[in-house]
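Student: Following this message is one structure expressed as structure tokens.
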Amino acid sequence: MNQTTGTASLDLSFVRAQFPAFAHHETGFWAHLENAGGSYVPRQVVDLLAELFAHFKCQPAWDFGPSVAATEAMDRARTVMAELFNAGQDEIHFGPSTSQNTYVLAHAMRPMWNDGDEIIVTNQDHEANSGAWRRLDRTGITVREWRVDPQTGCLDLADLVPLINQRTRMLAVTHASNIAATINPVREMADMIHAVGGHLVVDGVSYAPHGLTDVKAAGCDVYLYSSYKTYGPHVGMMYTDADLLARMTNQGHYFKQGDPVAYLTPAGPDHAAIGATAGIADYYDELHRHHFGSSTASRFERTRELFDLFGAHEQTVIEPLIDLINAAPDVHLVGAPVADHSVRAPTVAFHTPRQSSESIYRALIDAKVSCGFGNFYAHRLMEALGLDIDDGVVRLSAVHYTTDEEVARACEVLDQVFSSRLG
Ligand SMILES: Cc1ncc(COP(=O)(O)O)c(C=O)c1O
């Protein structure tokens, strides 16, 4: 608790003490600003995964002890994931990744539609929520594209209106792009697409580290999430509304027809990795207890309270970087030019015609700032912005464990780079 105001603020030392990477001799000295690619993992997840591999790495669903424990671990993961997204347990599907989940989903949904029906995709999305849908044009579906503003990389709801008609069956869109980071208005998009009987498929992968989503209240029919972006193992998870699932075609083995959990899981899943996703909730619980004491609130409410702390910290920590980029001549921030957490995630992607993204990236790496450059699988967004596909943007991204010092190191380098204009 903050003594003066009586309100909690994030105890960063406690937070960072949960992550072995920060104490490690090879990782600890980096200013780690490559979190949008995948976050570090807290000990709650590491320990759970190690325990599942060491003691319970066997086929679940039998009656011998380790198998019972493996089953319980997977069931628990499903329960906590359902609670974190305010979904029903049968609406949660695990798969190897979001890219593979959309691939499966496209096959499961195509039979719901007739030739000549229409779907809408964007040129802002990561290819994971784009390519699998676009390929349906080979099967008689008309694919329409909702395009970003080529200056800002942002989507405008006004441009969506003329794309929707009585034949529109689905809109696939990101909650917050992994480059533009600007939060798209999910509830409004849901209302627009539902008005013509269509479905909303939201890629929540980049948003999930920064905000909790009540998938029902937001009106999502499908919500996609990858747990390696939120301190977990590399597992894809998707929520699918129960009524929609009932209309999809089974993608599991034929004899799994009536089993909602196997319906969208064509292969045997990675049991231990799925079980270990529950460690994310254990981590959130430990942080919640530390900041707020014991609580009888639901998991969703507790985690929302915690995410309010995350959000306040993320906004403060990223502000100097956004200010620096906004002030630098000829440097373009992709997405809304503000740090406001209700408007954008703390992911900062920028480009400048005066220098290659790679040269800026190299200067940051030399100063031990973890970051990346390029297209980050948002090829179409790079094209829309008129950027070289390979050189793309420089991307620096924070999460709640990021420190002011890490961002300050990046700012120092960028300040020098922008004033010296390296080639
Ligand atoms: C916004 C977004 N969507 C989807 C993906 C793909 O997720 P996966 O690696 O689980 O396929 C990523 C990965 O970076 C992403 O940033």
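Student: Please arrange His271, His25, His107 by counting, for each residue, the other beta carbons lying within 10 Å of its beta carbon, fewest first.
Tutor: Ascending Cβ contact count within 10 Å gives the list His25, His107, His271.
Student: Pull up the cross-link candidates among the lysines for Lys57, meaning alpha carbon to alpha carbon under 25 Å and not fewer than 8 places away within one chain.
Tutor: Once the sequence-local lysines are set aside, what remains near Lys57 is Lys229, Lys256.
Student: Lys216: which lysines have alpha carbons under 16 Å from its alpha carbon, excluding same-chain residues fewer than 8 sequence positions away?
Tutor: Reachable lysines: none.
Student: Report the local net charge at Leu157: Lys and Arg +1, Asp and Glu -1, summed over other residues whose C-beta lies under 14 Å from its C-beta.
Tutor: Its environment carries a net charge of -3.
Student: Hey, can you rank 143-151, 289-297, 318-326, 30-38 by average C-beta count inside 10 Å, highest first?
Tutor: Order by mean packing, descending: 30-38, 318-326, 143-151, 289-297.
Student: For the stretch 208-227 and the stretch 230-246, compute the distance between their C-alpha centroids and round to whole Å.
Tutor: Result: 9 Å between the Cα centres.
Student: Restricting attention to the stretch 47-135, which trypsin sites (Lys or Arg not before Pro) occupy a DSSP loop and are surrounded by at most 15 other Cβ atoms within 10 Å?
Tutor: Taking the stretch 47-135 and a limit of 15 other Cβ atoms within 10 Å, the loop trypsin sites (Lys or Arg not before Pro) found are Lys57.
Student: When the distances between all Cα atoms of the stretch 97-192 are binned every 5 Å from zero, what whole-number percent does each bin get?
Tutor: Each 5 Å bin holds this share of Cα pairs: 2, 13, 25, 24, 21, 12, 3, 0.
Student: Okay, moving on. What's the exposure ranking of Cys220, Cys58, going from fewest to most Cβ atoms within 10 Å?
Tutor: Least to most surrounded, the residues fall as Cys58, Cys220.
Student: Please state, to two decimals, what the Cα-based radius of gyration of the chain comes to when divided by 2.2 N^0.38 Å (N = residues).
Tutor: It is 0.99.
Student: In the chain, if the dipole is taken from +1 on Lys/Arg beta carbons and -1 on Asp/Glu beta carbons about the Cα centre, which of Pro185, Gly65, Gly219 is farthest to the positive end?
Tutor: So the residue furthest toward the plus end is Gly65.
Student: Quick check: convex hull of the Cα atoms in the stretch 1-157, volume per residue, rounded to a whole Å³?
Tutor: For the stretch 1-157, the hull spanned by Cα atoms encloses 250 Å³ per residue.
Student: For the stretch 164-206, what percent of Cα pairs sit more than 14 Å apart?
Tutor: 44 percent
Student: For the stretch 166-275, what is the largest minus smallest coordinate of the Cα atoms on each principal axis, given in angstrom and ordered from greatest to least?
Tutor: 38, 37, 21
Student: Now for a separate question. For Thr122, Thr352, what's the fewest-to-most ordering of other Cβ within 10 Å of each Cβ?
Tutor: Thr352, Thr122
Student: Now for a different question. So, counting K/R as plus one and D/E as minus one, what does the shell of residues with Cβ under 14 Å around Leu52 add up to?
Tutor: -4
Every read-out reported here was derived from the displayed coordinates using simple, explicitly stated rules and does not represent laboratory data. Values in this document were obtained by computation on a predicted structure and should not be read as measured data. Quick reminder, even Gly has a Cβ in these numbers, built from the backbone with ideal geometry, and neighbours come from all protein chains shown.
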